[in-house]
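The values are calculated or read from the model by the stated rules, or taken from the named source; none is laboratory data. Note that the coordinates shown come from a computational prediction; the quantities given were computed from them, not determined experimentally. All Cβ positions, even for glycine, are placed from backbone atoms using ideal geometry, and neighbour counts span all protein chains on display.
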Amino acid sequence: MKRLLKILIFALLIKPLVFIVLGLNLRGREKLPHNGPAIIAANHNSHLDALVLMSLYPLSLIHKVRPVAAADYFLCNRFLAWLSLNCIGIIPFNRSGHVDKEALFADCHAALDNGEILILFPEGSRGDPEKMSKIKKGLFYLVKDRTDTTITPVVMYGLGRALPRGEALFVPFNCDVIVGDVLQCFPTAKEFNENLARIFGQLFEYCLTRHEDDSNV
């Protein structure tokens, strides 16, 4: 039932919103993982981020793609919790800091063991529109012992203006989604995060709307 509901929501509402209302400059879509265990590591500026990434998948695979999302926000009331768990299929993540690492990532590991594709935002939370925040160590600790799991970096630009933090009104904007090659793993969190930040920087160079903003400064 959840699988059917998710397919209907994306087919009738989310995909039309993404591909008709938003103007997407999409590059590297063929690099997205179609089989798990896999992780999409993306920058985070808007609640649209996960929905846009999920919309890039065919409906036949949409049930396998699950965003890792803050439990304190998405489970804060019954309606939002039902929508998030049943229609989007989030994996709730406790960011209170009071949970040990094994319990913290238990649901993520279970999903990866089930061959699913996770969407994870290494910054931890949404930053200011179109600005990168510091990358946290959570992604490294999740994958450091998982040699079976691929990590695909993605950068997005413009979605922070289409649905900025603290706003409920959707505004059409041209946006970029740039998919990179699978990441190489590194033995320490510092090296891993530095490499991921470097890759994000390289991918941002392909964002057309970002260069348009630079030219207007």
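Scanning the range 17-28 for residues that are surrounded by 12 or more Cβ atoms within 10 Å (Cβ to Cβ) and modelled with pLDDT under 90 gives Leu17, Val18, Phe19, Val21, Leu22, Gly23, Leu24, Asn25.
Only a single criterion out of (1) modelled with pLDDT under 90; (2) over 23 Å from Pro153 (Cα atoms); (3) of a type in the set (A, V, I, L, M, F, W, C) is not satisfied by Ala70, namely (2). Put simply, of Leu61, Leu118 the only residue that is closer than 25 Å to Lys15 by Cβ, in contact with a Cys (Cβ under 8 Å, 6 or more places away or on another chain) and modelled with pLDDT of 85 or more is Leu118. Do any residues in the range 29-47 that are modelled with pLDDT of 95 or more have Cβ atoms under 7 Å from those of residues that are part of a loop (DSSP other than H, G, I, E, B) and among the polar types (S, T, N, Q), where the two are at least six apart or on different chains, and which pairs are they? Final answer for the pair search is Pro37/Thr149; Ala38/Thr149; Ile39/Thr149.
Total residues in the range 56-82 satisfying the condition of being among the hydroxyl-bearing types (Ser, Thr, Tyr) and not in a helix (DSSP H, G or I): the figure is 2.
Residue under question is Phe192, and the condition is that it be surrounded by 13 or more Cβ atoms within 10 Å (Cβ to Cβ), in contact with a Pro (Cβ under 8 Å, 6 or more places away or on another chain), at pLDDT 90 or above and assigned to a helix (DSSP H, G or I); does it hold?
Working: surrounded by 13 or more Cβ atoms within 10 Å (Cβ to Cβ): yes; in contact with a Pro (Cβ under 8 Å, 6 or more places away or on another chain): no; at pLDDT 90 or above: yes; assigned to a helix (DSSP H, G or I): yes.
Here the answer is no, as Phe192 does not meet what is asked.
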